[in-house]
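In what follows, a structure is listed as structure tokens, so that the remarks can point back to it.
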Amino acid sequence: MTEAAAEAGRARPVRHRDRVRQVWTAGRLRRYLDLASVRAVRRLGAARRWGSRLPPVAREALLPALLLVNIVTTHAPRGLPVAVALTAALALPLLWRRRAPLTVFGVVAAAAFVQWLVGVQLPADVALLVALYTVAANAGRRGTLVAGAVVEAGVLLACLRWTADGAFLTPFVAATAMAVAAAVLGMNVRTTRAYLAAVEERAARLEHQQEQQARLAVAEERTRITREMHDIVTHNLSVMVALTDAAVYAQHRSPERATAAMLQISETGRQALTDMRRSLGVLRTDEPDAERHPLPGIAQLRALADQMCAAGLPTSLEVHGGHSRVPATAQLTVYRLVQEALTNALKHTPAGTRAKVRVRCSASAVTVAVTDSGSCPPLPGAAPSGHGIPGMRERAAAYGGRLRAGPLPGGGWGVHTRLDLGSGGKVPA
């Protein structure tokens, strides 16, 4: 019993040592297989990169060349000429398969039928599957169905002639599966190609639309700046000219009034510079005046009326309703409309003309009316000169308003419009 126990004790280490050796061998084998897999993947990637660098003609000629080399090196010398001729008839048309897929498939199918009649089995029959794949990838669904039916008929004929008794089903199913796989792969390639073409077309269309939107935005910004510069320059220069004439007229009779007019000219010039910096400040990131000076609005109409009074156009102002809830861009539109209307009255009416401004604010709209008592209205049917009234119409139209400008029945000139605050108009800043 002691000897048996001793033998068992000696056997345990042996079994443990064998288990360790087996585990070590399995781990080494696993590492070897992993390393072989990595090497195979690397070689496959290198082969793929090498193939992509080949010219298209060389890639197309690779399969026919391999088939010809295989038939020359493996076929018996007795039937070598027939085998080479049939292989060439099956493989060489593949060089033009992308240019004329249906024609190449017809030629390859005819060569395969001749091969069947002669009774020679060749590895070049794979060319029929390649031609079917090309038809599915480049032709329509009807061409793919016809080509698939031809290949299936060839599979049936080949299995009936060359399969042994009782072994028909397995080769037939295998060959049919290869034909279906080639056709499905070709259709997937065609679908992917069409999808990528649609995506590229959509991207090009979106890029074109973005370019058009950018051009429209540039044109709109150019129009906005032109309109702003016209309003600022025309108004302030008109006021400065009127004040200069008044200062020249009063410099000998009333020096105090001449001095006040000159000071007003200086203030008007500084205001014009401020307005120009503010309007052009959006074009320069280092321009601080655009942020330091707020946009003029309804609250600044009183200063505008006083300025017109100093320039020689007595102006009264009436503002009804609170304007605190009116958007800043809408208030800017009201200010520019009143400014342009008063500037026109200052330039085109005789001395002694009086102007009246009425602004009515509500939660949904702002009504603006500017009238003057000038006795020299333009002739009926005369076309307005300059860009003042067209610019006013554009500003009013941005808020759904329709501006009316023309002579009044009792004499004088009037400008009237109603801005719809709920229209969400895009008013230039």
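The values are calculated or read from the model by the stated rules, or taken from the named source; none is laboratory data. All values reported here derive from a predicted model rather than from experimental measurement. Reconstructed Cβ throughout: ideal geometry from the backbone, glycine too, with neighbour counts over all protein chains shown.
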Within segment 152-183, which residues are exposed (fewer than 14 other Cβ atoms within 10 Å of the Cβ), more than 14 Å from A112 (Cβ to Cβ) and among the aliphatic types (A, V, I, L, M)?
L160, A164, A167, L169, V173, A174, A177, A181
Listed by first then second residue, the pairs whose first member lies in segment 85-96 and is hydrophobic (A, V, I, L, M, F, W, C), whose partner is not in a helix (DSSP H, G or I), with beta carbons under 9 Å and at least 6 positions apart or on separate chains, are L86/V120; L86/L122; L90/L122
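Tell me yes or no: at least one residue of segment 397-411 is in a helix (DSSP H, G or I) and at pLDDT 85 or above.
Within segment 397-411, one or more residues are in a helix (DSSP H, G or I) and at pLDDT 85 or above.
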Any hit, segment 352-365, residues being surrounded by 17 or more Cβ atoms within 10 Å (Cβ to Cβ), modelled with pLDDT of 85 or more and closer than 30 Å to L216 by Cα
yes
Scanning segment 266-321 residue by residue, the ones that are at negative phi and either at pLDDT below 85 or among the charged types (D, E, K, R) (or both) total 38
Checking T170, T234, T226 in turn, the sole residue that is touching a Ser or Thr at 6+ places or on another chain (Cβ under 9 Å), part of a helix (DSSP H, G or I), of a type in the set (S, T, N, Q) and closer than 30 Å to R277 by Cβ turns out to be T234
